[in-house]
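Only one structure is covered here, and it is reproduced in the block below.
Just so you know, all these numbers are worked out from the coordinates, no wet-lab data involved. What you see is a predicted model, and the numbers here were worked out from it, not measured in a lab. Glycine also receives a Cβ, built like all others from the backbone with ideal geometry; neighbour counts cover every protein chain displayed.
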Amino acid sequence: MTIVPARKDFHPSFSEWFPKAAIAVGIAWYLLLCLLHYLSDRPLWNDEACVFQSIQAFRPHEFFTQNLLAYQVFPRLYLLLIQKISQLFDFHLWALRFPSFVCMLAAFFVWLKIASYELKNRIEYLTFVLCWSASAVLIYYSAELKQYSLDVLASALYLGFLYHQEKLENSPKASRYLWVLILLPGLVLFSYPAYLFALLPLYNLFLSVQHNRRRLRFLMTYLSSFLVFGLLSYSFDIRLRPIAAVTHGFGDYFVSFNSVGEFLKTTGEGTMNLLSRWFVERPKILKYIGVFFVMGGFLRMFYGFFLHIKKDCYRLKSIHTVALVIFVELFILGALKKYPFTVPRTSLFFCPVVLFLTVKAIADLKGLKPLWGRILQGAFLYYLIFVSLGISFFVFNKALTYRPELW
């Protein structure tokens, strides 16, 4: 006689269902904050109004033949796209800011996918999700007539591609990989920081050719596409940027070599902006607490590179190795006065990188010192929730500004 054990209904434990539910709520919360901020109908502020002058005044061909009005710097093809969309709705504020809104939400979901490759622990993944709803800039620039949300999206698309590049190279369906190599450099027409990321697949392709000469066609395809799109971008966009006027008027945007003191000041200020400006500006205590947490991510950018670069056979295939390369590129361009190094909004694409590395640094500490790691992660979660609630108050009251101050 066979004894059949009594059936037990499966009830997932609290530790199993709560993180999943919390992640879903965290994602929904960020989307809600962005939506409410987008619908707030706040007036165009100074920079937006300056961009709007060109949108109203220029005919399509003039975007590619003239300097933008009011010394504005903006990817021309993207600006033309905004003009065409907003014209359909009589330049309503929602229409003007709609492309930025769509780009930031798309970037958010691409980053969620990237984080899922690395953060297998649900609490760590939840922490990364909450970083977005606690970042005033990632909410604010989701609805502004500027290009910064598209920068976040372009960088995320490139980073996502780097995770899959080696797999695509070995795929029997070479045509799919070739199409990606042809189209991906086109992002430089819409985003200036895309140039920083566009060099990374090229480096990987050079390494691939060293091991397999048959992959030369991949290298030549990507290089040709990059050159074509780069020349187009230069001819009707970069060439027309009033970079000399901007450099002269806003010298503190760049790394200065006027003296040792100025070099240390501008380098330190730029680096600090990449650490301290992603959550809130005031009260300063909250800003400094944020710096304390993010400092771990900044340090991980260095040791993470050397920890992974040899494991990855010297390919740039993950955020662990890419982060330091992008930081160095930013510094070099700032030193050459070609791209602002000390301005947070122009480096907004680097914000999710720093937030991810911060979460990863805490995860590393948990591996080394479990008790201290859990304490630090718990403290960071409480910090994120507190800041997010503070930001939410301003979003719900239609009062969120580019310089977020809780009180």
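Data table
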read-out	value
Order of 169, 124 - criterion: other Cβ atoms within 10 Å of each residue's Cβ, fewest first	169, 124
Computed magnitude of the charge dipole of the chain (debye, nearest 20; Cβ of K, R +1, Cβ of D, E -1)	1100 debye
Isotropically averaged projected area of the stretch 368-407, using the convex hull of Cα atoms (one quarter of hull area), nm²	3.6 nm²
For the stretch 117-233, fraction of C-alpha pairs farther apart than 20 Å, in %	52 percent
Protection-proxy order for peptides 209-217, 345-353, 270-278, 228-236, each taking the mean of Cβ atoms within 10 Å per residue, highest first	345-353, 270-278, 228-236, 209-217
Rough spin-label spacing in nm, given labels placed 7 Å along Cα→Cβ, for residue 180 and residue 53	4.3 nm
Span per principal axis, largest first, for the Cα atoms of the stretch 22-165 (Å)	52, 37, 25
Cα-centre dipole for the stretch 269-407 with unit charges at Cβ (Lys and Arg positive, Asp and Glu negative), debye to 20	160 debye
Among the listed pairs 120/369; 146/398; 311/369; 120/338; 20/366; 167/337, those beyond 28 Å (Cα-Cα)	120/338; 167/337
Among 342, 221, 127, residue whose mean-square fluctuation peaks in a GNM of the chain (springs only between Cα atoms under 10 Å)	221
Most fluctuating residue given options 377, 83, 53, as computed from a GNM of the chain linking Cα atoms under 10 Å	53
Kyte-Doolittle at least -0.5, axis length at least 20 Å by Cα - qualifying DSSP helices, the chain	14-38, 93-118, 148-169, 194-211, 216-236, 260-276, 284-308, 319-335, 351-368, 370-396
Tail weight of P(r) past 22 Å, computed on alpha-carbon pairs of the stretch 263-407, percent	46 percent
Which of 364, 312 has the fewest Cβ neighbours within 10 Å, and the rest in rising order	312, 364
Gap separating the Cα centres of the stretch 64-106 and the stretch 344-407, nearest whole Å	30 Å
q = 0.21, 0.22 Å⁻¹, the stretch 91-134: log10 I(q)/I(0) [Debye, one scatterer per Cα]	-0.70, -0.74
Sequence of 325, 260 once ranked by neighbouring C-beta atoms within 10 Å, starting from the fewest	260, 325
Cβ crowding within 10 Å averaged over residues, with 139-147, 61-69 ranked highest first	139-147, 61-69
Intensity falloff of the stretch 39-396 expressed as log10 I(q)/I(0), Debye formula with alpha-carbon point scatterers, at q = 0.11, 0.12, 0.15 Å⁻¹	-0.81, -0.96, -1.46
